[in-house]
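First the structure, in the form of structure tokens, and then the observations on it.
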Amino acid sequence: MSETDAQWAGAAGRARAEIDLDALRGNVRRLRELAPGAALMAVVKADAYGHGALPCARAAVEAGATWLGTATPQEALALRAPGAGLPDDVRIMCWLWTPGGPWREAIEAGIDVSLSGVWALEEVVRAARLAGTPALVQLKADTGLGRNGCQPEDWAELVAAALQAERDGLVRVTGLWSHFACADEPGHPSIAAQLSRFREMVAYAEAQGVRPEVRHIANSPATLTLPESHFDLVRPGIAMYGVSPSPEIGSPADFGLRPVMTVSASLALVKRVPGGHGVSYGHHYVTPGATTLGLVPLGYADGIPRHASSAGPVLVEGKWRTVAGRVAMDQFVVDLGGDEPPEGTEAVLFGPGDRGEPTAEDWAQAAGTIAYEIVTRIGPRVPRVYVSASE
């Protein structure tokens, strides 16, 4: 094994997901440039799309994010926990609530909670009474996505109830917001329809007396391509991690963004096999002739998609290889075509592409999915290694 390979194997162990915090900071600054009139919410739900919520939240705030966005209450509360290392004035918003809360804990932590119906407002009001402090609430409008959010015909009731709770000193309505269905499909007619409906619903709420701090609807693709949707706040998620929301709107480089995650592993075994040798479960790959196989110690338990069997690309010693046969729970095989790199040699599954390695989008294409899923599903057995020249 060469000195370089030995250094790689010693540093990497079985596998690693290297997280470039300088790239993340640069992406946040670039997104702020693209929406200069709006504040920026860094969306760090799902463990920051698999990148690590706390390190990424801290880096995003350092680069100018003034809000953090989460899906679940547990994610939001973790950002407020002692030792999280975030400034007290950073706002945190949480939007995926079910009956039972934990509303009171969120209120006491100063988290902005999203409400889509009167049932949620009623639970928040009860929790605010127990907490002895007003809840910070944002009313979500369903402008056409058809998931969370209040339907237009129910909006008047929710707005009236929220205003009454505000007069009673139990809530502060801090925001009005919605979410796009097809912002990653340029020209889709729903985009203009949702924008129009959002403006109407915001106008109604404000005419009734709501005075929101922020109005927002722009996710990553809207932040990148729809300046008319930026309002007071933009909410980039996947773009912050240097991944394009959709190949149709452009590559990360087209927007001045850089992928943050690089996933790699050490070859666990390299061996010669004869032609006609079946590889992995089901023998869906059979060697066409005498060749060398390399064992990559990552599998679907680590988040490597089984749907990328016989298709996922891997860079080994400067050459693209393809998953040979099925991805198993803990490992998969690549056909090295007769090359014989030593055990411990680096196999790069995806990264920024600087060294010719595949990207998350390449894996998404191989698996028939989206790049969001590729980065987010990398599991906890793959240690995150944070790198930053500024630290």
From Gly83, Gly101, Gly52, grab the single residue that is of a type outside the set (Phe, Trp, Tyr), without any contact (Cβ under 8 Å) to a residue 24 or more places away in the chain, on the phi > 0 side of the Ramachandran plot and out of contact with any helix residue (DSSP H, G or I) (no Cβ under 6 Å at 6 or more places or on another chain). Gly83
Could we say that Pro102 is over 21 Å from the mean Cα position of the chain (by Cα) and closer than 22 Å to Pro236 by Cβ here? no
If you check Gly368 against the conditions, is it in contact with a His (Cβ under 8 Å, 6 or more places away or on another chain) and open to solvent by 60 Å² or more (accessible area, probe 1.4 Å)? yes
Only residues that are within 14 Å of Ala141 (Cα to Cα) and either in contact with a Ser or Thr (Cβ under 8 Å, 6 or more places away or on another chain) or among the aliphatic types (A, V, I, L, M) (or both): list them for the stretch 194-209, please. Gln194, Leu195, Arg197, Phe198, Met201, Val202, Ala203, Ala205
Is one or more of the residues making up the stretch 371-391 over 24 Å from Ala253 (Cβ atoms) and over 21 Å from the mean Cα position of the chain (by Cα)? yes
The conditions are (1) open to solvent by 30 Å² or more (accessible area, probe 1.4 Å); (2) under 21 Å from Ala141 (Cβ atoms), and Ala35 fails exactly one of them. Which is it? (1)
Strands (runs of 3 or more DSSP E) completely within the stretch 219-335 that count 1 or more residues being open to solvent by less than 10 Å² (accessible area, probe 1.4 Å) and either charged (D, E, K, R) or in contact (Cβ under 8 Å) with a residue 60 or more places away in the chain (or both): 261-266
Quick check on Ala9: is it in a helix (DSSP H, G or I), modelled with pLDDT under 95, among the small types (Gly, Ala, Ser) and over 21 Å from Leu176 (Cβ atoms)? yes
Could you tell me whether Gly351 is open to solvent by less than 40 Å² (accessible area, probe 1.4 Å), closer than 25 Å to Arg25 by Cα and under 21 Å from the mean Cα position of the chain (by Cα)? yes
How about the stretch 73-127: which of its residues are aromatic (Phe, Trp, Tyr) and either surrounded by 21 or more Cβ atoms within 10 Å (Cβ to Cβ) or under 21 Å from Val214 (Cα atoms) (or both)? Trp95, Trp97, Trp103
Ala301 being more than 30 Å from Arg25 (Cβ to Cβ) and in contact with a helix residue (DSSP H, G or I) (Cβ under 8 Å, 6 or more places away or on another chain): no
Can you pull out every residue in the stretch 143-154 that is open to solvent by 10 Å² or more (accessible area, probe 1.4 Å), touching a helix residue (DSSP H, G or I) at 6+ places or on another chain (Cβ under 9 Å) and either within 19 Å of Arg172 (Cβ to Cβ) or acidic (Asp, Glu) (or both)? Asp154
Criterion (more than 30 Å from Glu185 (Cβ to Cβ), at pLDDT 95 or above, touching a Leu at 6+ places or on another chain (Cβ under 9 Å) and open to solvent by 30 Å² or more (accessible area, probe 1.4 Å)) met by exactly one of Pro383, Pro342: Pro342
Take the residues in the stretch 162-216 that are polar (S, T, N, Q) and closer than 24 Å to Leu40 by Cβ; name whichever of them is surrounded by the fewest Cβ atoms within 10 Å (Cβ to Cβ). Thr174
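The values are calculated or read from the model by the stated rules, or taken from the named source; none is laboratory data. Computed from a predicted model, the values in this text were never measured in an experiment. Cβ sites come from the backbone with ideal geometry, for glycine too, and all protein chains shown count toward neighbours. These area figures cover heavy atoms from the full protein model, side chains too; ligands, DNA and RNA do not enter into them. Shrake-Rupley method; radii C 1.70, N 1.55, O 1.52, S 1.80 Å.
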